[in-house]
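The values are calculated or read from the model by the stated rules, or taken from the named source; none is laboratory data. Note that the structure is predicted; figures quoted are calculated from it, not measured. Positions of Cβ are backbone-derived with ideal geometry, glycine not excepted, and every protein chain shown enters the neighbour counts.
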Amino acid sequence: MEDTERKPVVAAYISTYLPSDMRHVFRQVVALQSFAAAVLARKRRNEEAYPIHKKQITLLRRPRSRALRRWWYGRVKGAPVPMSDREVRDALYAIQKHDASVLHVYFGNIAAELLPLLRTLRHPVVVSFHGADAGVGTGSPAYREALRGVFRCAELVLARSHSLLGRLRELGCPEAKLRLNRAGVVLSSLPFTERQAPPAGGRWRFLQVCRLVEKKGLPVALRAFAAVRERHPAAEFHIAGDGPMRGELEGLAGELGISGAVTFHGFLDLEAVAELAGRSHLFVHPSQTAGDGNREGVPNAMLEAMATGLPVLATRHGGIPEAVADGVSGRLVDEGDAAGLAAAALELMASPETYAGYSRAARAAVEEGFALAETIDSLEGHYREAIALAKASGK
């Protein structure tokens, strides 16, 4: 990296660097301007998709006893698996080796495992929450207590949406430590095309891009699409992504009689998703809170679709209403409301002029609130604030 020696270093602790759906995290690491990035990870995946210089990443050894400890703490005690003494020593050495000025831990559940390190570390600490980590497992008293420990150790606690900030308040994070930090998108790689409604009787293409998991609301999307197709028999629904619900969803499409109109593409790379988005007319994302508490921040795939000019059909869930203005850049309905989603789609499809206006507004919403340069500037401001807070406290 150019001029790395003259920049303060952020040590980003990312347990797995990086799962395929964590492109927003990669952007935060590589787009820093006034800071340089180093990564601490337990394992590495998708190296070609998420390249980083070998000097910038340290892979920490995983203790042989980790499986046993995970069983004991996770299954028996219902608590996060704390770092072992050796893991703490290895992490401290890596932070010192990179001459880091601040530690940024992705995500809240990982920070709960890192408590032995956070309690030892003399560096300022920033922890970012992204959605599931503020929901899944929070029914466990042990996990909630670990999160309170994280809140005590961290100088600042970041969240991707105001909705998520509210959840962190409920979990006990002091207001003074909470900061909003959006996940940004690279607008230059997402050219805008003002969408036009197909001619009467034409083929409307619906698109959803996500992991096939409960919180994405895919059964709701399929039921809504089935209702739309009764009025628009040429309509298509394209689903890009993979996950544990794929078989169930394919079965539901068959039950609804729409298998021939629904294409499950599986996981697609950026270029393929962009090509698919360019041929689509409406982006569907009826997110919901899953049974295990999993919830959204602001879906990255939705922001990227909006940047290209796709109007959105979604739910009033998590941070979605912070990006999609109902009746301006898309339509929002309550969680689980397939009939309402279908009615909103049909209303929009019946008004070509309104539809084109939504397309323009979708791009404008991303430009105004989610451009990568502005979100990185905000993130670096949080790093500087955390350093100043730690210094003032004598840490």
#### Entry: Selection within the stretch 197-247 - in a helix (DSSP H, G or I) and without any contact (Cβ under 8 Å) to a residue 24 or more places away in the chain
GLU230, GLY247
### Test: ARG211 is more than 20 Å from MET306 (Cβ to Cβ) and among the basic types (Lys, Arg)
no
#### Entry: Those residues of the stretch 110-121 which are of a type outside the set (A, V, I, L, M), surrounded by fewer than 20 Cβ atoms within 10 Å (Cβ to Cβ) and either under 22 Å from LEU379 (Cβ atoms) or touching a Ser or Thr at 6+ places or on another chain (Cβ under 9 Å) (or both), in sequence order
PRO116
### Task
Return only the number of the condition from (1) surrounded by fewer than 15 Cβ atoms within 10 Å (Cβ to Cβ); (2) in contact with a strand residue (DSSP E or B) (Cβ under 9 Å, 6 or more places away or on another chain) that ALA240 does not satisfy.
(1)
### Task
Would you check which residues across the stretch 299-354 are in a helix (DSSP H, G or I), more than 20 Å from SER189 (Cα to Cα) and charged (D, E, K, R) and list them?
GLU322, GLU347, GLU353
### Task
Please work out which residue is nearest to ARG295 (Cα to Cα), limiting yourself to the stretch 135-168 and to residues that are of a type in the set (A, V, I, L, M) and assigned to a loop (DSSP other than H, G, I, E, B).
VAL136
### Message
Looking only at residues that are small (Gly, Ala, Ser) and more than 26 Å from the chain's Cα centre (by Cα) in the stretch 187-217, which one is surrounded by the fewest Cβ atoms within 10 Å (Cβ to Cβ)?
### Response
ALA200
#### Entry: Residues of the stretch 155-179 classified as among the hydrophobic types (A, V, I, L, M, F, W, C) and more than 24 Å from LEU372 (Cβ to Cβ), total
3
### Query
Do you know which residues across the stretch 249-263 are in contact (Cβ under 8 Å) with a residue 12 or more places away in the chain and either out of contact with any strand residue (DSSP E or B) (no Cβ under 8 Å at 6 or more places or on another chain) or under 18 Å from LEU341 (Cβ atoms) (or both)?
LEU249, LEU252, ALA253, LEU256, GLY257, ILE258, ALA261, VAL262
### Task
Look at the stretch 169-186 and say how many of its residues are modelled with pLDDT of 95 or more and in a strand (DSSP E or B).
3
### Task
Give GLU353, GLU335 a once-over and let me know the one that is among the acidic types (Asp, Glu) and closer than 21 Å to GLU296 by Cβ.
GLU335
## Note on the structure
Restricted to the stretch 235-289 and to residues being among the hydroxyl-bearing types (Ser, Thr, Tyr) and modelled with pLDDT of 95 or more, the residue farthest from PRO19 (Cα to Cα) is SER259
### Message
Quick check on the stretch 130-147. Is at least one of its residues surrounded by 17 or more Cβ atoms within 10 Å (Cβ to Cβ), out of contact with any Lys or Arg (no Cβ under 8 Å at 6 or more places or on another chain) and under 20 Å from MET22 (Cα atoms)?
### Response
yes
#### Entry: Criterion (touching a Phe, Trp or Tyr at 6+ places or on another chain (Cβ under 8 Å), closer than 27 Å to GLY135 by Cα and not assigned by TED's automatic domain parsing to the domain that holds VAL105) met by exactly one of LEU222, LEU164, LEU168
LEU222
#### Entry: Residue within the stretch 131-150 that is closer than 15 Å to ARG182 by Cα, in contact (Cβ under 8 Å) with a residue 60 or more places away in the chain and of a type outside the set (Asp, Glu) present
yes
### Query
For LEU268, all conditions in the list (1) out of contact with any helix residue (DSSP H, G or I) (no Cβ under 6 Å at 6 or more places or on another chain); (2) assigned to a helix (DSSP H, G or I); (3) surrounded by fewer than 23 Cβ atoms within 10 Å (Cβ to Cβ) hold save one; what is the number of the exception?
(2)
### Query
Is it fair to say ARG167 is surrounded by fewer than 23 Cβ atoms within 10 Å (Cβ to Cβ), on the phi < 0 side of the Ramachandran plot, without any contact (Cβ under 8 Å) to a residue 40 or more places away in the chain and basic (Lys, Arg)?
no
